[in-house]
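First up is the structure itself, then whatever we jot down about it.
Any read-out appearing in this document is the output of simple, stated calculations on the displayed coordinates, not a laboratory observation. Not measured: the values here are computed from a predicted model. Cβ placement follows ideal geometry from the backbone for every residue including glycine, while neighbour counts extend to all protein chains displayed.
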Amino acid sequence: MADEGDHAPRARICIDFGTAMSKACLCLDPSMPLDAGVRPIPIGAVSGAEHALFSPSVLFVDGGRLFFGPAALERAAAGIEGGRDPLLSFKTVLGARDLDQAMATRLPPSVDPTGTFRQRDALVLYLAYLDQLISDALARVAGLPFGIGRARRRYTSPVWRPGSGQDRVFEGVFNEAAAVSQRLNRLLLAPDGVSIAQCRDALDKARANPGDGRLDTGVFEPHAAAAASLAYTNEPAYIVMVIDMGAGTTDIAAFEFDERNNPPALTEIKEARQCSGLAGDEIDRILIGVLAKKRGAPNDPRFLRTARLAARDFKREFFANGNATFKDGWRTIAIRAGDLTGDPQFQRYLNALGQTFITSIAAVAARARATQVRMVDVVLAGGGANLPFLPQLVRAAAEQAAPGLAMRAGPLSPSSSLYGSVDEYFADVFPQIAISVGGSLVEMLDTRAAAA
Ligand SMILES: Nc1ncnc2c1ncn2[C@@H]1O[C@H](COP(=O)(O)OP(=O)(O)OP(=O)(O)O)[C@@H](O)[C@H]1O
Ligand SMILES: [Mg+2]
């Protein structure tokens, strides 16, 4: 029987389950030209999400059934009156100091009022759902080798602790997810959810009899972003600093790039590494605060819940146009750029984020001086790379922390001439999918070396 080994032995699929959005990317072979070898997987097209290349990382229990992705968001929107919450961050689990303890914690009642599921169950079920999305999505991509769905899996992680046993724990999770995916199969994609009893049964059977999750490795997220940035650039700088602003966290890390090795080595400048909670969700909270103030009655829980569910769309419109209108039942609330820039909470946010940048840039500048590197690249990754104020905040921080250091700052982009057929659809969201793209490209040994 043919298997993946016959057709694409070096193929791997990298999954990035972010706080807000999950992404997945297939790399057929890291030595192939990028436009032929790297294929972001359209999981959002299968789940019915807004964009084909990402799908909301959401899970929701309602009426005795479990819902995933866009279906979960819809149920949550319908349940606004009930004090329920669809948001679930796997990042707190992935990044937890005590992984076993985090996995054993029950889901909050706002997500699962039945108290049935623990974080580990949620992760297994969510990964099984992603596995189904991935197989369906791969079938829609033309020209892939037979059996590519069996390529080895990677996941990106906001922390990386070599030798911590983290990968063994995740191997177990991936293996159980494979068994659940096989058992529940298409049911996981049903818009009307899966019954809790079926989920429980599948979880118990998977625990007793796990499948083969084909886990290759975890990849440190900033390392994946740096790899994506180097792979897709025409003129590599010798030092790359990555600012990955997602929904839950802004992760900063810097790497030295040594192209004398093959594959080129990335070594981390440890002093520059930081993780801050000042990310996309925090901007949502600030915008909701501004809206609530304008509305009067700033503590109305129903309004706050409605606003929270709509905040990401509202924010996108606001930063794209410099103003936006929020619909609250029969009334509308308009806010303009000045409402945000004049808001004390937003000013505190900018100051604190700027200070974080200053600390990392100072560490990078010291290393650049020591190694006589003249040009540093600062690449913005994650959905936050769309925020128009970020490049300016980086430049202001650089002027303070490293006057005279030449620096290029901007969103990560697939600008390489190697990548001949960049379509706009892909280029537009590149910063947001870059972690999964880089994670699929990066070689395992590199990852270990840089984080060791
Ligand atoms: N065009 C845009 N303008 C402003 N913000 C945006 C835009 N597009 C996405 N975002 C924000 O980016 C965030 C999602 O980015 P991303 O997918 O990188 O996060 P994540 O990987 O899910 O989160 P994390 O890395 O923290 O776990 C959300 O806060 C979203 O609102
Ligand atoms: Mg992310």
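Can you tell me the FRET efficiency between ARG295 and ALA427 if r is taken as the Cβ-Cβ distance and R0 is 35 Å, rounded to the nearest 0.05?
Approximately 0.40, to the nearest 0.05.
Excluding ARG316 itself, calculate the net charge of residues whose Cβ lies under 13 Å from the Cβ of ARG316, where each Lys or Arg counts +1 and each Asp or Glu counts -1.
For residues surrounding ARG316, the net value is -3.
Taking the Cα centre of the range 4-219 as origin, sum charge times position over the Cβ atoms of Lys and Arg (+1) and Asp and Glu (-1), and report the length of that vector in debye to the nearest 20.
300 debye
Rounded, prolate or oblate: pick one for the range 233-411, where a ≥ b ≥ c are the square roots of the eigenvalues of its C-alpha gyration tensor, a/c under 1.5 means rounded, and failing that, prolate if a/b is larger than b/c, else oblate.
prolate
Percent of Cα-Cα pairs per 20 Å bin, from 0 to the last occupied bin, for the chain, please list those.
25, 57, 18, 0
As a quick test, which of the pairs LYS23/LYS293; LYS23/LYS270; LYS91/LYS270 have an alpha carbon distance above 29 angstrom in this structure?
LYS23/LYS293
Can you list residues from other chains, or at least 5 along the same chain, whose modelled amide H is less than 5 Å from the amide H of ARG153?
Close amide H contacts, sequence-distant or interchain: ILE13, LEU215, ASP216.
The range 122-163 to the range 350-372: how many Å between their Cα centroids?
Cα centroid of the range 122-163 versus Cα centroid of the range 350-372: 35 Å apart.
Can you give me the relative contact order of the chain as a percent, contacts being Cα pairs under 8 Å and 6 or more apart?
18 percent
Report, in debye and to the nearest 20, how large the dipole of the range 233-411 comes out about its Cα centre when Lys and Arg carry +1 and Asp and Glu carry -1 on their Cβ.
700 debye
Just how large is the dipole of the range 162-245 about the Cα centre, in debye to the nearest 20, putting +1 at every Lys and Arg Cβ and -1 at every Asp and Glu Cβ?
The calculated dipole for the range 162-245 is roughly 380 debye.
Calculate the translational D of the range 4-219 in whole µm² s⁻¹ from Stokes-Einstein, where the hydrodynamic radius comes from the Kirkwood formula applied to all Cα pairs, the temperature is 4 °C and the viscosity 1.567 mPa s.
Estimated via Stokes-Einstein, D reaches 74 µm²/s.
Take the alpha carbon gyration tensor of the range 109-186, find the square roots of its eigenvalues, order them as a ≥ b ≥ c, and report rounded if a/c is under 1.5; if not, report prolate when a/b exceeds b/c, else oblate.
Oblate, because a/c is 1.5 or more while a/b does not exceed b/c.
Full extension from ALA366 to ALA36: what is 0.36 nm times the residue separation minus their Cα-Cα distance, to one decimal in nm?
Taking ALA366 through ALA36 to full extension adds about 114.9 nm, to one decimal.
Sorted by mean Cβ packing within 10 Å, highest first, what order do the peptides 34-42, 274-282 take?
Ranking the peptides 34-42, 274-282 by packing returns 34-42, 274-282.
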